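Notes to accompany the following structure.
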There are 2 protein chains.
Amino acid sequence: MKGAEALIKTLVDSGVEVCFMNPGTSEMHFVAALDRVPGMRGVLALFEGVATGAADGYARMTGKPASTLLHLGPGLANGLANLHNARRGATPVVNIVGEHATYHKQYDAPLESDIEAIAGNVSGWIMCPRTPEQVGPDASAAVAASYGPPGQVATLVLPADVTWLEAGGPAPPAPHAAPTEVPIERVEDVAKVMAAGETSALLVGGSASRRDALLAAGRVAAASGAKLLAETFPSRLERGAGLPAVERLAYLAEFILAQLDGIRNLVVVDTRTPVAFFAYPDKPSLLVPEGCTVHLLAAPGEDATGALQALADVLGAPDEVATQPPSRPDRPTGEITAEAVANAIGALLPEGAIVSDEANTAGLWIPAATAGAPPHDWLCLTGGSIGQGMPVATGAAVACPDRPVVSLEADGSAMYTLQSLWTQAREGLDVTTVVFNNGSYAVLNLELARVGAEPPGPQAEAMLDISHPDLDFVSLAQGMGVEASRPETMDEFCDRFAAAVAGDGPNLIEVVLPAGF
Amino acid sequence: MKGAEALIKTLVDSGVEVCFMNPGTSEMHFVAALDRVPGMRGVLALFEGVATGAADGYARMTGKPASTLLHLGPGLANGLANLHNARRGATPVVNIVGEHATYHKQYDAPLESDIEAIAGNVSGWIMCPRTPEQVGPDASAAVAASYGPPGQVATLVLPADVTWLEAGGPAPPAPHAAPTEVPIERVEDVAKVMAAGETSALLVGGSASRRDALLAAGRVAAASGAKLLAETFPSRLERGAGLPAVERLAYLAEFILAQLDGIRNLVVVDTRTPVAFFAYPDKPSLLVPEGCTVHLLAAPGEDATGALQALADVLGAPDEVATQPPSRPDRPTGEITAEAVANAIGALLPEGAIVSDEANTAGLWIPAATAGAPPHDWLCLTGGSIGQGMPVATGAAVACPDRPVVSLEADGSAMYTLQSLWTQAREGLDVTTVVFNNGSYAVLNLELARVGAEPPGPQAEAMLDISHPDLDFVSLAQGMGVEASRPETMDEFCDRFAAAVAGDGPNLIEVVLPAGF
């Protein structure tokens, strides 16, 4: 058994069944081994950012890592932004980066680079097996490391000769660690604070934005009167009718401060204390209002769900909690607007849908419009690096072939990793993409003012305008084999959207909005 | 004057007149300053890999750096592969990466990353001004550093607060160093070797692949009988009728060994000793034949042109050298094949054309078919990381608005940075793109066999096949505002190509080839 076969067999035995890839020469033995070791599905991407983002989306939905296969340092670089996002979302990824043969590195061939330096920032774990015998054990350790908890990117740098030499056999899967239990004393301390009568808020994120944790959080809120908040960009928020209603923190610092206004105790659960995405002149970076104290219930890697359940019990919370009642907007008619599209999605979102949300400014109304839709999952831009939404939708669809995936995309973000559409077509994935084409980096128009830059002149305005020339997403999608349309009325949009989410395979709907919104 | 203004003013005063960018919130003060400081043209890209590759193409044609403007670590990551290529081609680039405000970094906001670690591998110089007063001096130093010689990527990490605070004024431009003169003793030693009667070859690259150096190299070849070779992927090779004919080293190791067969003395001029792109089982990495000695005439950063001229003089070479006679293939007719397209390009390439060559396997016949065309420039894939060709063509067209640019693209490579087309349309750049659509990563089919992997099974074959679904480059180009067509015969191709290179603005011609070639 060669190194490449030992690697794949170890991965498969460890539960890693999909590899999102864009390989090159140094990875050819891995590719050839796909046919010799059963159980690993190779999914090809035309760009590495699609592969890494898809691995992220897959793991968010399955709870277990996919692997990637990237070509040397430059291939890793192309996938790095979405690995950044995966890191921020604590997603487990087994990130495999091909490397020159061990003896070839000394020649400084054209594609030579310092892979470990590039991978360092996004990886919680890095290893480079130097012998074929080491491939299996390192692969096993990579899978275990990727789980954390919290989940992380585990990067395996894979020299070509190690894949083509005899390796003996695979390694047994390494066990992965369970989350650490939160000490009951900490739970009791938090309970005391919340029971003391001051206004509290519970801020959940990470593993605490899933169903069981949210139900426990709802009990805590019921017992304590605490406001129930979620971090701005949860990796996966389970929501909709029958689940506790959770208000997500806004993107803009001013709005977050308004949401936290009057809160005296902020209890954070598997997330961080709110900070501004960016610094602005004369505005705070840390978004905790004066007089508010932050209390940690569960840190990332701790058992947040268990801690919330214990907290509810200590507070003597009822078993039953108030949940979001079913409620949908009416199916809109008339002219296309961003708000009407939000209502249409709220009216038509199917039960069990997976929504990958990178609609940015144009998506402002969508969370409210879908709050009472049947239960569904909401996947966010965890690390703030745009170009994540379409790859994540792709990976989520591979993970959950029986569930409809809805990919909400801003035009500017869509153009980062649009190659996702091709993989969706190739794999026949049930993804309905709605592109909001407002012809601009609208968020930057907003930010230009917020950072205190003087009124923009023509050059600055041009740098935020992407309508010269207009992007035609129907043509772009068709060029990659995806059926696409551009409805002219809300009726048409509703018909197209309903058909797309009901049908199989990928579909793209372009929504043309007035410039800047 | 704010930091952003001091920065731009210093750059402009130092001769940096174009900024290829994809900015975000942290770069808004730079963007706003574009209208307050005259002389800097902002060119927007929809993806950072386009911006960095365009900066590379611009500098190859002007000999002076452009700047980039990238958004934090993830924006840098998206542009990193083409910065790798720029590094390998010794292209000067002033690479500006926005960073969180100095006081904001401690909060570990979602987009936080270690920018210097990511930039390290591609940058010969990195600086991060911590105060607004330091922005001007650091910008000036960045420009000087970018020139080298040899040219390099100089990365300026730019905290947001440094751009919005008062900075005093700009800094004076720093002088940049001239190449080091090659000691005459070394020239004489090389002359002795070449005059001794054994077979020699002169291998030129970098600055030695430009006109004056090539004319001197032609004199050396005439006097010594040496074979005249160029590195596989020169940054910019001046060639065509009236210039000495130079044979480029092949991409495949076996072919390079055949090209060097029987050579006893290999004289390298501003390039490296040939090594294989990749390691292959039981094949050498170092491609110098047994019995051949390598002699360095000029290292990167040394005055290669002067050294070649001195060498020619020491050898008593004639002033006049044999040059490539004008010669073009006949305009082909009949069915479309890769070879016929090569001949068509050879028949129709206009004088002064700039060719960005990323045609890969499908482009095999093009160098020979264009060898006797009127003088033109040939820009190659310097670092081997695909996705460089279209951005480089974009930057070259910005640099040389009066010259036609021809962008030769393989389908797989085109899909890496296809967003280049939008910038070409937006800026009205005269770029004619020919996409060779063979529906596969054809080079990898070749490499799969060469690395000794067993005959591929269906999964492996699928990972190299990009024809499911077929990419429709006409549709993709039109989606970004670029006129496009798919000729069905060579007559049609010739008509379209001739019109496109004669016309203004961008145009794309899709050439559909049989699968795999």
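Side notes on the structure shown:
- Unique residue being aromatic (Phe, Trp, Tyr), more than 8 Å from chain B (Cβ to nearest Cβ) and either over 24 Å from A:Gly334 (Cα atoms) or in a helix (DSSP H, G or I) (or both) when the list is A:Phe497, A:Phe436: A:Phe497
- Any hit, the range A:439-459, residues being out of contact with any Asp or Glu (no Cβ under 9 Å at 6 or more places or on another chain), among the small types (Gly, Ala, Ser) and at pLDDT 90 or above: no
- Output for the range B:465-496, where each listed residue is of a type in the set (D, E, K, R), touching a Pro at 6+ places or on another chain (Cβ under 9 Å) and in contact (Cβ under 8 Å) with a residue 12 or more places away in the chain: B:Glu483, B:Asp491, B:Arg496
Residue-wise test of (1) buried (at least 24 other Cβ atoms within 10 Å of the Cβ); (2) more than 12 Å from the chain's Cα centre (by Cα); (3) modelled with pLDDT of 95 or more; (4) of a type in the set (Ser, Thr, Tyr).
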residue: A:Met390; (1), (2), (3), (4): yes, no, yes, no
residue: A:Val405; (1), (2), (3), (4): yes, yes, yes, no
residue: A:Thr417; (1), (2), (3), (4): yes, yes, yes, yes
residue: A:Thr423; (1), (2), (3), (4): yes, yes, yes, yes
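- Where A:Met480 falls short, out of the listed (1) under 23 Å from B:Leu471 (Cα atoms); (2) in contact with a strand residue (DSSP E or B) (Cβ under 8 Å, 6 or more places away or on another chain); (3) crowded, with 23+ Cβ neighbours inside 10 Å: (2)
- In the set B:Gly383, B:Gly387, B:Gly352, only one residue is away from every other protein chain (no Cβ under 14 Å), assigned to a loop (DSSP other than H, G, I, E, B) and touching a residue at least 40 places away in the same chain (Cβ under 8 Å); that residue is B:Gly352.
- Yes/no for A:Gly124 being within 22 Å of B:Ile115 (Cβ to Cβ) and under 26 Å from the mean Cα position of the chain (by Cα): yes
- Sub-7 Å Cβ pairs linking a first residue in the range A:300-311 that is more than 13 Å from A:Leu214 (Cα to Cα) to a second residue that is charged (D, E, K, R) and surrounded by 22 or more Cβ atoms within 10 Å (Cβ to Cβ), at least 6 apart or interchain, are A:Pro300/A:Asp270, ordered by first then second residue.
- Being part of a helix (DSSP H, G or I), more than 11 Å from chain A (Cβ to nearest Cβ) and without any contact (Cβ under 8 Å) to a residue 60 or more places away in the chain is a property that does not hold for B:Ala393.
- In the range B:286-320, residue farthest from the other protein chains (Cβ to nearest Cβ) [restricted to those that are under 24 Å from the mean Cα position of the chain (by Cα) and assigned to a loop (DSSP other than H, G, I, E, B)]: B:Asp303
- Considering (1) without any contact (Cβ under 8 Å) to a residue 60 or more places away in the chain; (2) touching a Gly at 6+ places or on another chain (Cβ under 8 Å); (3) within 11 Å of chain A (Cβ to nearest Cβ), the lone condition that B:Val12 does not fulfil carries the number (3).
- Residues located in the range B:25-53, provided they are under 25 Å from B:Leu429 (Cα atoms) and assigned to a loop (DSSP other than H, G, I, E, B): B:Leu34, B:Asp35, B:Val37, B:Pro38, B:Gly39, B:Met40, B:Ala45, B:Leu46, B:Phe47
- When the range A:136-155 is filtered for residues that are outside any helix (DSSP H, G or I) and of a type in the set (Val, Ile, Thr), the ones remaining, listed by number, are A:Val153, A:Thr155.
- Here B:Ala499 clears all of (1) touching a residue at least 24 places away in the same chain (Cβ under 8 Å); (2) farther than 21 Å from B:Ala54 by Cα; (3) surrounded by fewer than 17 Cβ atoms within 10 Å (Cβ to Cβ) except the condition numbered (1).
- Test: residue in the range B:354-367 that is in contact with a Leu (Cβ under 7 Å, 6 or more places away or on another chain), surrounded by 18 or more Cβ atoms within 10 Å (Cβ to Cβ), among the charged types (D, E, K, R) and farther than 24 Å from B:Gly197 by Cα: yes
- Within the range A:98-112, tally of residues that are facing chain B (nearest Cβ under 8 Å) and among the charged types (D, E, K, R): 1
- The set of residues in the range B:289-323 being modelled with pLDDT of 95 or more, crowded, with 18+ Cβ neighbours inside 10 Å and among the β-branched types (Val, Ile, Thr) consists of B:Thr305, B:Val314.
- Test result for B:Gly79, in contact (Cβ under 8 Å) with a residue 24 or more places away in the chain, out of contact with any His (no Cβ under 6 Å at 6 or more places or on another chain), within 8 Å of chain A (Cβ to nearest Cβ) and not aliphatic (A, V, I, L, M): no
- Of all residues in the range A:274-317, exactly one satisfies the criterion of being under 30 Å from B:Glu27 (Cα atoms) and of a type in the set (S, T, N, Q), namely A:Ser285.
- Residue satisfying all of: in the range A:439-464; in a helix (DSSP H, G or I), in contact (Cβ under 8 Å) with a residue 40 or more places away in the chain and within 11 Å of chain B (Cβ to nearest Cβ); surrounded by the most Cβ atoms within 10 Å (Cβ to Cβ) among these: A:Glu447
- B:Val193 vs. criteria touching a strand residue (DSSP E or B) at 6+ places or on another chain (Cβ under 7 Å) and in a loop (DSSP other than H, G, I, E, B): no
- Test: residue in the range A:355-362 that is more than 14 Å from chain B (Cβ to nearest Cβ), touching an Asp or Glu at 6+ places or on another chain (Cβ under 9 Å) and modelled with pLDDT under 95: yes
- Yes/no for B:Phe20 being facing chain A (nearest Cβ under 10 Å) and crowded, with 24+ Cβ neighbours inside 10 Å: no
- Residues of the range A:113-135 satisfying the condition of being away from chain B (no Cβ under 13 Å), in contact with an Asp or Glu (Cβ under 9 Å, 6 or more places away or on another chain) and assigned to a strand (DSSP E or B): A:Met127
- The condition of being free of Cβ contacts under 8 Å to residues at least 40 places away in the same chain, closer than 22 Å to A:Thr271 by Cβ and either within 18 Å of the chain's Cα centre (by Cα) or within 14 Å of another protein chain (Cβ to nearest Cβ) (or both) holds for only one of A:Gly89, A:Gly53, A:Gly63, A:Gly148, that being A:Gly63.
- Strands (runs of 3 or more DSSP E) wholly inside the range A:198-285 that include at least 2 residues being among the aliphatic types (A, V, I, L, M): A:200-204, A:227-230, A:265-269
- Of the candidates B:Ile118, B:Ile96, the single residue that is β-branched (Val, Ile, Thr), within 24 Å of the chain's Cα centre (by Cα), farther than 28 Å from B:Pro175 by Cβ and buried (at least 24 other Cβ atoms within 10 Å of the Cβ) is B:Ile118.
The values are calculated or read from the model by the stated rules, or taken from the named source; none is laboratory data. Everything numeric here is computed off the predicted structure, so don't read it as measured data. All Cβ positions, glycine included, derive from the backbone under ideal geometry; neighbour counts span all protein chains shown.
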